[in-house]
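Q: I have a structure here, written as structure tokens, and I will follow up with some questions on it.
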Amino acid sequence: MVDLHLHTTASDGKLSPSQLVERAAARGLRIIAITDHDSTEGIASALETARKYPQLTIIPGIEISTDIPGGEVHVLGYFIDYESPQLQRDLAVMRVSRERRALNMINKLTKLGINITWERVKELAGGGSVGRPHVAEAMLEKGYISSHAEAFAKYIGREGPAYAEREKLTPVGAVRLIVEAGGLPVLAHPGDIENLDAMIPELISAGLVGMEAYYDGYDADTVARLVAEAQRYNLIPCGGSDYHGPDSGVETGLGEVSVPMESAERLMSLSVRNHQKRRAVS
Ligand code: AMP
Ligand code: FE
Ligand code: FE
Ligand code: ZN
């Protein structure tokens, strides 16, 4: 019924925002959040399509990639004011750095004998936020690899020979950016973050309100551990499928992670209070 982590063609998802909403409605979902990487471009058209489905609530969201020494941490932002000019300026900078990074990766791949073009990668991104899945797709269609997983394992994963970095915010920086845009920051897929406890208090001081605990691929023990962790810090345990669209025609994932309705309701009531407060001060 609830899925708070979904991607569209505005980043590296395969379905357009409108197609995603159609599928979510067909599957009987009640609350979904659109959370594209470094982009809110999918939200307006998702909301437009959702007008046909009064039983389906769309939460406008985002997923921001950040860097920590030795790894990556993603921060989701719910009920973000996606029309904020400051937010849009910041996101545009991130998307340009994604393009530069893709070019660097393409150059490294060329040196490894893999010839894919920037033009094709850009085309595959379809005007959305360019990501490594688009690079993987360009490699796949030319037969250099047989799956995205192989592209990440052999070439463009963090340790791969064609990996390139880009400038990213710190986790605290992403939390602040979301707060400034009126959103509610939630730590994404924290299951494999080492030293979670060392990071959380600082994120809470910056405005973190929740963390994902229900997530695609997490076993029952991991979910229980993360729910307990969330409770300990009084964070809302959130989650979703991190759906990126049908994989080789097989429809899996969307709405298939069971997220409590209560989590979405807590987010929604926090958001109402948050917006009242913002109105009061402005
Ligand atoms: P980027 O945002 O450009 O760093 O690319 C990260 C995205 O690549 C993630 O959001 C996933 O959609 C996808 N991804 C990450 N790791 C893998 C993997 N091992 N196999 C397939 N896709 C992956
Ligand atoms: Fe992704
Ligand atoms: Fe993520
Ligand atoms: Zn995601």
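Q: On the basis of being away from ligand 4 (no atom under 16 Å from the Cβ) and either modelled with pLDDT of 95 or more or not aromatic (Phe, Trp, Tyr) (or both), does residue 63 make the cut?
A: No.
This table checks each residue for (1) within 16 Å of ligand 2 (Cβ to nearest atom); (2) surrounded by fewer than 16 Cβ atoms within 10 Å (Cβ to Cβ).
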{"residue": "133", "(1), (2)": "yes, no"}
{"residue": "140", "(1), (2)": "yes, no"}
{"residue": "147", "(1), (2)": "yes, yes"}
{"residue": "150", "(1), (2)": "no, yes"}
{"residue": "153", "(1), (2)": "no, yes"}
{"residue": "160", "(1), (2)": "no, no"}
{"residue": "164", "(1), (2)": "no, no"}
{"residue": "167", "(1), (2)": "no, yes"}
{"residue": "179", "(1), (2)": "no, no"}
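Q: Failed condition for residue 69, given (1) in contact (Cβ under 8 Å) with a residue 60 or more places away in the chain; (2) of a type outside the set (A, V, I, L, M); (3) on the phi < 0 side of the Ramachandran plot; (4) away from ligand 1 (no atom under 15 Å from the Cβ), with all others met?
A: Of (1) in contact (Cβ under 8 Å) with a residue 60 or more places away in the chain; (2) of a type outside the set (A, V, I, L, M); (3) on the phi < 0 side of the Ramachandran plot; (4) away from ligand 1 (no atom under 15 Å from the Cβ), only one is false for residue 69: (1).
Q: Could you run through the stretch 178-198 and say how many residues are under 22 Å from residue 90 (Cβ atoms), away from ligand 4 (no atom under 16 Å from the Cβ), among the hydrophobic types (A, V, I, L, M, F, W, C) and not in a strand (DSSP E or B)?
A: Summing the residues that are under 22 Å from residue 90 (Cβ atoms), away from ligand 4 (no atom under 16 Å from the Cβ), among the hydrophobic types (A, V, I, L, M, F, W, C) and not in a strand (DSSP E or B) in the stretch 178-198 gives 2.
Q: Could you list, ordered by first residue, the pairs with Cβ atoms under 9 Å in which the first is in the stretch 168-181 and among the charged types (D, E, K, R) and the second is in a strand (DSSP E or B) and buried (at least 18 other Cβ atoms within 10 Å of the Cβ), at least 6 apart or interchain?
A: From the stretch 168-181, the pairs are 168/64; 168/65; 168/66; 176/169; 176/185.
Q: So, one more: Among (1) over 16 Å from the mean Cα position of the chain (by Cα); (2) surrounded by 18 or more Cβ atoms within 10 Å (Cβ to Cβ), where does residue 221 come up short?
A: With (1) over 16 Å from the mean Cα position of the chain (by Cα); (2) surrounded by 18 or more Cβ atoms within 10 Å (Cβ to Cβ) applied to residue 221, the lone miss is (2).
Q: Something else about it: Are any residues in the stretch 121-139 among the basic types (Lys, Arg) and more than 14 Å from residue 109 (Cα to Cα), and if so, which ones?
A: Filtering the stretch 121-139 down to residues among the basic types (Lys, Arg) leaves 122, 132.
Hit for the stretch 121-139 is 122, nothing else.
Q: Output the qualifying pairs, or none if there are none: Cβ atoms under 6 angstrom, residues six or more apart or on different chains, first residue in the stretch 10-33 and farther than 15 Å from residue 47 by Cβ, second residue in a helix (DSSP H, G or I) and modelled with pLDDT of 95 or more.
A: Matching pairs, first to second residue: 12/133.
Q: While we're here: Among what's in the stretch 11-26 and is under 18 Å from residue 264 (Cα atoms) and away from ligand 4 (no atom under 16 Å from the Cβ), pick the residue that is surrounded by the most Cβ atoms within 10 Å (Cβ to Cβ).
A: It comes out as 21.
Q: Every residue in the stretch 52-105 that is buried (at least 19 other Cβ atoms within 10 Å of the Cβ), hydroxyl-bearing (Ser, Thr, Tyr) and more than 16 Å from ligand 3 (Cβ to nearest atom), please.
A: Listed by number, the list holds a single entry, 82.
Q: Further question on the same structure: If I go through the stretch 178-200 residue by residue, how many of them are touching a Gly at 6+ places or on another chain (Cβ under 8 Å) and modelled with pLDDT under 95?
A: Qualifying residue count, the stretch 178-200: 2.
Q: Follow-up. Does the stretch 188-208 contain at least one residue that is under 16 Å from the mean Cα position of the chain (by Cα), closer than 27 Å to residue 83 by Cβ and among the small types (Gly, Ala, Ser)?
A: Yes: one or more hits.
Q: Here's another thing I want to ask about it. Report the residue count in the stretch 65-84 for those that are polar (S, T, N, Q) and in a strand (DSSP E or B).
A: Within the stretch 65-84, the subset polar (S, T, N, Q) is 65-66, 84.
When the remaining residues are screened for being in a strand (DSSP E or B), the result is 65-66.
Of the residues in that region, 2 qualify.
Q: Please work out which residue is nearest to ligand 4 (Cβ to nearest atom), limiting yourself to the stretch 241-274 and to residues that are surrounded by 13 or more Cβ atoms within 10 Å (Cβ to Cβ) and on the phi > 0 side of the Ramachandran plot.
A: 242
The values are calculated or read from the model by the stated rules, or taken from the named source; none is laboratory data. If you're wondering where the values come from, they're calculated on a predicted model, not measured in any experiment. No Cβ is skipped: glycine too gets one built from the backbone with ideal geometry, and neighbour counts run over all protein chains shown.
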